[in-house]
Structure formats: structure tokens, C-alpha cells
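Trainee: Take this structure first; my questions come after.
The values are calculated or read from the model by the stated rules, or taken from the named source; none is laboratory data. Treat the numbers as computed from the prediction; the structure is a model and nothing was measured. Cβ coordinates were reconstructed from backbone atoms using ideal geometry, including for glycine residues, and neighbour counts include every protein chain displayed. Each accessible area value is taken on the protein alone, full model and side chains, heavy atoms only, with ligands, DNA and RNA left out. Shrake-Rupley method; radii C 1.70, N 1.55, O 1.52, S 1.80 Å.
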Amino acid sequence: MVRRRRVRGYTYDWPGISAIIERLQPQAMVFNMGAPTIRWVGNENGLAEDPVRYVVDHTDFSNYTVVTSRFEEALYLPPECDVSIRRGWFWHPDDEPKSVEHLLAIFYRSVGLGANLLLNLPPDTRGLLPDADVERVTAWAAERDRRFAQPILGTLTTDGPTVTVTFAEPVTIDHLRLHEDLTAGQLIDRHEVRTPDGRTLVQAGSIGVSRVHVFEPVTTDRLTIALVPDVTDETGRAEEAPIPMLLAVTAFHTGTSTVPELPVGYEAPTDAPD
């Protein structure tokens, strides 16, 4: 792994820094540098892209540099989607908190893709979180919780890379949450969800710790999920991989069948700070 590295004009003693972290806060999560345990997703808008890979051989540092740290071997580094509830990371009187719809759009494109979400709430000139920001986060959490408040559990039957989900009776659903079994690592490269009549509800990439799908309402007592593993090693050569598996499949009837669109022109600033 990279031990010493100049980043934007500074040289860091990563072994020394890592030793202090290990002594003062064992098992602390380390973001992106030194001996990282999590990595930057690559933007500050809170957005991941499908597929979300947990094992990588490098990390990028920030919006302001093209510096990349490459590792001696690929590491398990799940991505973290960082974003501020306001346009910038610090409070400004002319900024407003993101809308509930915007926050939901971020949720589906971060947590919903199997990544981690870090939402920044900057304190104001009082040293307190602004009331408007707290109210917005509370409303967002309430709507998110409402959508996932009544899970519909199915029984899983696994036949190789195919999983059949059987519900106790026909149910109407518009959301589906999948959880991959990561015991042997992240294995699923692509997956497809079909109804008994052959209708394709979902075609997508990775699943990871949690994948959320949204679709037009469908009534069914059974779903079939085809899992396609990644059968290449780091050099692109084919290799024999363990059979991918799911830990759980949960359905929901939320009354919502679309993912909110992202507002146009409301991206985090990328100008380098003074």
C-alpha cells in the first residue's frame, strides 16, 4: 500500500498517522487515505453509479485534484456518498436546504445502490443546526420510513444462480429490496427480476449490502431473480467463482412507483477552496 504521499503540496506520514488511529480509536473507519477502510464515491452530490464495487485497486482524492492512490493489491473499500444538505459544506445565509424530493433522489442513488450515505448538516453562526435543516431531515426521514414501514417478506428458494421468492398470497408491490450474501465477497455482477408470466421488472448490475428497486405496481405471488456472477479476476481472465446468493428479499407497497429526478443545476461546488 502507498506509505507516503504528497497531496496538494503536503507529504503525509501514513504509517505514523495509522499507528495513532489504531492506538486511540481501534477499528475506526478511515476515509480514502493512508490505510483506508472506506473510499470516496467520486463526487460530493451523494450519488453512486451502478454497478457499485466494493473491491478496488485505487482511490481518487478530491474534486480539486487528479491525484490517485494505487494499492499493491485490490482492497475491500465500500464507497461513501458524501453530500451536504445545503449547496456547500458550510452554512451560508443565502443557501436553502435540499427539498425532501431531492434528498429522496439521493437516497435511491446511494443507499438504494448499495453504497453508504453521509449527509452533512452545517451549524450556523449560533453554533447550532438550523431549524430549517432539522425540519427538512426530519420530514425526509419520515417519508423514507413510511415507504419501508410495512415489509412483505417472501420465502427464498435457491437453485444455483436463480432465486425464487414466494409470497404467502398474491401481493401488490412497487418496491423491492435485495440483500446479497457477502460471506465470500461481492459476487453479483448483474441481476434480473421477473414475474411468473415472464415479465421483466428489473435489469440491473450489482446488489451488495442493499439494493432498492422501484417499478410500476405489480400483483404476484412469486418472483424469479437471476443472478449473474463476476467471473473474471483482476486481469480480466475467466475464473471459477462461488455461486452468488441472496440473504433476503423484501417487497413493499409504498404507493410510489418512480424515483424522484435530480434537480438541474444544483450540484456541489467544485471550485478549489482559497
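Trainee: So the check is Cβ under 6 Å with 6+ separation or different chains; which pairs have a first residue in the range 35-47 that's aliphatic (A, V, I, L, M) and a second one that's open to solvent by 40 Å² or more (accessible area, probe 1.4 Å) and in a strand (DSSP E or B)?
Mentor: Once the first residue is aliphatic (A, V, I, L, M) and sits in the range 35-47, its partners that are open to solvent by 40 Å² or more (accessible area, probe 1.4 Å) and in a strand (DSSP E or B) give ILE38/PHE31.
Trainee: Also, I was wondering about something else. Being of a type outside the set (Phe, Trp, Tyr) and in contact (Cβ under 8 Å) with a residue 24 or more places away in the chain narrows it down to one residue among LEU128, LEU118; which is it?
Mentor: LEU118
Trainee: Give all pairs with beta carbons closer than 6 Å in which a residue from the range 131-145 that is open to solvent by 70 Å² or more (accessible area, probe 1.4 Å) meets a residue that is outside any helix (DSSP H, G or I); count only pairs at least 6 apart in sequence or on separate chains.
Mentor: Cβ pairs passing all conditions: ARG136/PRO97.
Trainee: Within the range 101-115, can one find any residue that is farther than 30 Å from THR220 by Cα and of a type in the set (Ser, Thr, Tyr)?
Mentor: No, the range 101-115 has no match at all.
Trainee: Scan the range 206-219 and report the pairs whose first residue is under 17 Å from MET245 (Cα atoms) and without any contact (Cβ under 8 Å) to a residue 12 or more places away in the chain and whose second residue is of a type in the set (D, E, K, R) and not in a strand (DSSP E or B), with Cβ atoms within less than 9 Å and a gap of 6+ or a chain change.
Mentor: none
Trainee: A further question on this structure: Of all residues in the range 21-41, count the ones that are in a loop (DSSP other than H, G, I, E, B) and touching a strand residue (DSSP E or B) at 6+ places or on another chain (Cβ under 6 Å).
Mentor: The number of residues fulfilling the criteria is 3.
Trainee: Quickly run through the range 175-196 and pick out the residues that are open to solvent by 50 Å² or more (accessible area, probe 1.4 Å) and either among the small types (Gly, Ala, Ser) or more than 26 Å from GLN150 (Cα to Cα) (or both).
Mentor: THR183, ALA184, ARG190
Trainee: When the residues of the range 212-268 are narrowed to those that are modelled with pLDDT under 80, among the hydrophobic types (A, V, I, L, M, F, W, C) and outside any strand (DSSP E or B), which ends up least open to solvent (accessible area, probe 1.4 Å)?
Mentor: Only one residue fits best here, namely ALA268.
Trainee: Something else now. Would you mind finding the one in LEU113, LEU117, LEU77, LEU104 that is surrounded by 18 or more Cβ atoms within 10 Å (Cβ to Cβ) and at pLDDT below 95?
Mentor: Residue meeting the stated conditions: LEU77.
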